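Data block below; observations after.
The values are calculated or read from the model by the stated rules, or taken from the named source; none is laboratory data. Being a predicted model, the structure only gives us computed values, none of them experimental. Note that each Cβ is placed from the backbone with ideal geometry, even for glycine, and that neighbours are counted across all protein chains shown.
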Amino acid sequence: MQMAMHTDTERCVRAVRSKDARFDGWFFTAVLTTRIYCRPSCPVVPPKPENMTFLPSAAACQQAGFRACKRCRPDTTPGSPEWNRRADLVARAMRLIADGVVDREGVPGLAARLGYSTRQIERQLLAELGAGPLALARAQRAQTARLLIETTALPMAEIAFAAGFASIRTFNDTVREVYALTPSELRTRTPRGTTPATPGAISLRLPFRAPLNPDNLFGHLAATAVPGVEEWLPHSPKDVGGTPTGAYRRTLRLPYGHGIAALTPKPDHIACRLTLADLRDLPVAISRCRRLLDLDADPVAVDDHLRTDPVLAPLVDKAPGRRVPRTVDEAEFAVRAVLGQQVSTAAARTHAARLVTAYGERIDDPEGGLTHLFPAPDALAAADPESLAMPRTRRTTFTTLVRELADGSLHLGVGSDWPETRARLLTLPGFGPWTVDVIAMRALGDPDAFLPTDLGIRRAVRDLGLPATPAALTARAAAWRPWRAYAVQYLWATDSHPINFLPV
């Protein structure tokens, strides 16, 4: 499937007629007679083909004068899988826009992070998505505004600024233009629930493309959780402060303050509860939670490709829809990857918990047992190396990493250039292929990262009769490209390690 799918009219018409939810987010159907745009799976009777045109983004639809369908709510679809699969300029720009960079730093700030001119970025985004960075950011602000209108009792003026609008007038005009309703009318149409017990708490649904297997996703996050920063709140007959039961919870370091996310797998969505110190962080928090859980993936495309290998096919058929557990903070994950070198999961958690207690920023959590934000690189760079309970060589690796993260010599983020960042990491002392690839897989989001020397992979390939040496296994795994990170999840799942099981 290529990003230019919206130009294949015949294929798009077939998807709309079959109401195939798999294509939601890949393209949007704009109806010329009603001036409404929909997702492919919209439940209404499909219009005649001659009345349909297809556009690559919600922002392009809005820019062309179409308003969002009130039935299928196309602006709430999962994001295009392209932005997590690709590492080119457009994909990096889209990840940064989702992370709120345009709202905070403007288009010049986006260009500076990417190392291109604003003109180059605007030209490429327009060519591929039919909208420039400002229009794409505006569409995201409109979606955030609607979410706040529908899920909170906040005054409209507070919602306008929390969603990133520069004025209440712009907020009113945008909502009316995109949804053909005033902000007050949007609120009136929404059934009102109970007001959250915790100030700043927002409950929402995170959509995904089915299937989704939560076992390795939440199992991995819970099994490796750092005390104080992360926890699994198990099912209980009694809800704690309204928090969903059976939730993975963690603290978030956000641009305007801190937050806490509680994430619970449901059959058709992820229940998400966000408690934010500053509501301006809402779109960034949502984006990071989606990225953490790999919710914009196209599991059918991934699984169909991996099934072509007769060794992987039974593993995929047994439990399809595995995602790659990622991170909400790339620098944090890089530090934890170093702490996990050549030690058990339990030992890595212990090392990380000591750093959190010593250098993390304390927070209050009235709904659970979270106590700290994971230490920022500058706090870790100020630590006394002699106080670190780790071998001298790993201590050198750790101190070099946090120093370069703190002074900006090394930048890990959603807009990182994957090949360039890999090469930079390999120059650091103590960074071998395993450390670089696990960071590439879970922090950078490279779907083709592979771990042929990983202990769990070595056990799996031995039991499955795959080549045992890293070089031979890498050659064998070439057929799994570009989805080798997903193959890793299926290989890991052959073991009885706790990372492979949904906590109870």
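In the set Gly408, Gly369, which member is of a type outside the set (A, V, I, L, M), at pLDDT 90 or above and over 26 Å from Leu502 (Cβ atoms)?
Result: Gly408 is the single residue among Gly408, Gly369 that is of a type outside the set (A, V, I, L, M), at pLDDT 90 or above and over 26 Å from Leu502 (Cβ atoms).
If you go through region 156-169, how many residues are surrounded by 14 or more Cβ atoms within 10 Å (Cβ to Cβ) and either of a type in the set (Ser, Thr, Tyr) or out of contact with any Lys or Arg (no Cβ under 8 Å at 6 or more places or on another chain) (or both)?
4
Which residues, counting only those in region 298-336, are of a type in the set (Gly, Ala, Ser) and either within 25 Å of Arg476 (Cβ to Cβ) or free of Cβ contacts under 8 Å to residues at least 40 places away in the same chain (or both)?
Ala301, Ala313, Ala319, Gly321, listed by residue number.
Can you confirm whether Asp304 is of a type outside the set (Val, Ile, Thr), over 28 Å from Thr350 (Cα atoms), at pLDDT 95 or above and not in a loop (DSSP other than H, G, I, E, B)?
Yes, satisfied.
Find the residue count for region 337-350, including only residues that are touching a residue at least 40 places away in the same chain (Cβ under 8 Å) and either closer than 20 Å to Leu293 by Cβ or not in a loop (DSSP other than H, G, I, E, B) (or both).
6
Could you run through region 93-132 and say how many residues are more than 16 Å from Asp417 (Cβ to Cβ), crowded, with 17+ Cβ neighbours inside 10 Å, among the hydrophobic types (A, V, I, L, M, F, W, C) and free of Cβ contacts under 8 Å to residues at least 40 places away in the same chain?
The total comes to 3.
Inside region 387-398, can you point out the residues that are assigned to a helix (DSSP H, G or I) and surrounded by 18 or more Cβ atoms within 10 Å (Cβ to Cβ)?
Scanning region 387-398 gives Arg394, Thr397, Phe398.
Among the candidates Arg67, Arg11, Arg39, which residue alone is among the basic types (Lys, Arg), surrounded by fewer than 22 Cβ atoms within 10 Å (Cβ to Cβ) and under 22 Å from Gln140 (Cα atoms)?
Just a single option satisfies the conditions, and that option is Arg67.
Name the one entry in Arg138, Arg119, Arg123, Arg169 that is among the basic types (Lys, Arg) and either in contact with a strand residue (DSSP E or B) (Cβ under 9 Å, 6 or more places away or on another chain) or more than 25 Å from Leu55 (Cβ to Cβ) (or both).
Going through Arg138, Arg119, Arg123, Arg169 in turn, just one is among the basic types (Lys, Arg) and either in contact with a strand residue (DSSP E or B) (Cβ under 9 Å, 6 or more places away or on another chain) or more than 25 Å from Leu55 (Cβ to Cβ) (or both): Arg169.
I'd like the full set of residues that are in contact with a helix residue (DSSP H, G or I) (Cβ under 6 Å, 6 or more places away or on another chain), assigned to a loop (DSSP other than H, G, I, E, B) and in contact (Cβ under 8 Å) with a residue 40 or more places away in the chain, limited to region 483-504.
Result: Trp483, Ala493, Thr494, Phe501, Leu502, Pro503.
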